[in-house]
Amino acid sequence: MLSTVEVAKRIGVSKSTLLRWLDEGFVDDVERDWRGWRVWNSDDVERVRTFQKIYKSKPIKRVRRSSISRIEYANAAAESMRSFAQGYSRRSEA
């Protein structure tokens, strides 16, 4: 079992980045111990590492809102997220 800090060091991101990914729902939260602290197992670490590879390989396309209409912006954002999510699978429930 690993702490959040240990997992962040192993995958090469800051603890804040890892917590942000959890908070934004990019990565499913992990089990917690009796104190409420996250405890990570090897499957959890591998799942985050897989997400990180996908996240870094296909950055979300940035679009300036002022130059396009709201509909065009929404379509561009949806397409960006669709391409981002391709190949990412959520943790299976045990």
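The values are calculated or read from the model by the stated rules, or taken from the named source; none is laboratory data. Predicted model only: the values in this text are computed from it and were never measured. Neighbour counts run over all protein chains shown; Cβ positions are idealised from the backbone, glycine included.
Structural remarks
- Selection count where residues are among the aliphatic types (A, V, I, L, M), without any contact (Cβ under 8 Å) to a residue 24 or more places away in the chain and surrounded by fewer than 14 Cβ atoms within 10 Å (Cβ to Cβ), scope the range 1-18: 1
- Scanning the range 29-48 for residues that are exposed (fewer than 15 other Cβ atoms within 10 Å of the Cβ) and either part of a helix (DSSP H, G or I) or acidic (Asp, Glu) (or both) gives Asp29, Glu31, Asp33, Ser42, Asp43, Glu46.
- Residues that are in a helix (DSSP H, G or I) and closer than 16 Å to Thr50 by Cβ were ranked within the range 1-27; the one that is farthest from the chain's Cα centre (by Cα) is Arg10.
- In the range 48-79, the residue that is modelled with the highest pLDDT out of those that are within 23 Å of Leu19 (Cβ to Cβ) and hydroxyl-bearing (Ser, Thr, Tyr) is Thr50.
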